[in-house]
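Computed from the coordinates by the stated procedures, all read-outs in this text should not be read as laboratory data. Nothing here was measured: the structure is a model prediction, and the numbers come from that model. Cβ placement follows ideal geometry from the backbone for every residue including glycine, while neighbour counts extend to all protein chains displayed.
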Amino acid sequence: MNSKEYISSGILESYALGSATPVERKEVEKYTTMYPEIKSELDEIEKAMNMYTTQHSIEPPSYLKEKVLAKIIGVANTTSSNANPVIRSINEPTQQSKSNFSYWSIAATFLLLISATFAVYFGVKNSTLDNSVSTLVKTNTALSDSIKSISSNLAQMQNDMAILKDPMYKIVELKGLKAAPEAKAMVCWCPTDKKVYVEIYKLPPAPQGMQYQLWAIVDGKPVSEGMLTLGNGLHAMKDVDNAQAFAVTLEKEGGSPTPKGDMYVMGTI
């Protein structure tokens, strides 16, 4: 089995979210015992999910305990006042039964507190049920969007790591020039399939109406690789053959057929 393909299939994310089928769950649990890299990836995904849950947890309000206890006491007083005095006299509890009653009262109160806490936690209150359901739907939608974003980021990271680890790719470090000495970028180029990926580490913000453009130097001449998108991760550019170097210039928005602006970074292969 190809563990890289299995990891990138998305089944580990489904397992961590609890949406995997029973067959898929058994398969994941089997493979995590057979392939350390799959187990490591699943651990990282679950860690990311736990971090998200912790960061977005909701603290129950401080007045909850007092409010619930007041409600319990009110119910107990009402019950006591309505009880038949004759029956109470005939069935006067012994000391042992009082102890048992006290024990179960405490246990019931504790369980009621837990139930009430979870009710507040999920935003379900009888007095504002409609609003709470609406809020819960919005929260679940936001959570779903966040999970999709996390899954997308994980897929991007997996793809980037696969490229960086692939021995067929040449890693070209682009260093800052006179226009921006601290600027940095990296190009991953595969001479075999001609694929080009670029990641910008640091470039000054482009002025309005201007845009950064990547160039490959082929036989001493610049060949446009396309306009750059600033952001995390590797970005696919145009395929190129026989590249000798890569460079980034600042051009008018939309690019130029030949470099006319200042060169910010450059790196040779």
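For Lys184, a cut-off of 20 angstrom between C-alpha atoms picks up these aspartates and glutamates, skipping any fewer than 8 places away in its own chain: Asp160, Glu173, Glu199, Glu225, Glu251, Asp262. Separation of the alpha carbons by more than 32 angstrom is noted, of Lys165/Lys238; Lys30/Lys138; Lys138/Lys252; Lys4/Lys170, for Lys30/Lys138; Lys138/Lys252. For segment 178-217, the calculated P(r), taken from all Cα-Cα distances in 5 Å bins from zero up to the bin holding the longest distance, is 6, 16, 25, 24, 14, 9, 4, 1 percent. Net charge in the neighbourhood of Thr192 (other residues with Cβ under 13 Å of its Cβ; Lys, Arg +1, Asp, Glu -1) is -1. Local charge for Pro181 was computed over the other residues whose Cβ lies under 13 Å away, with Lys and Arg +1 and Asp and Glu -1, and equals +2.
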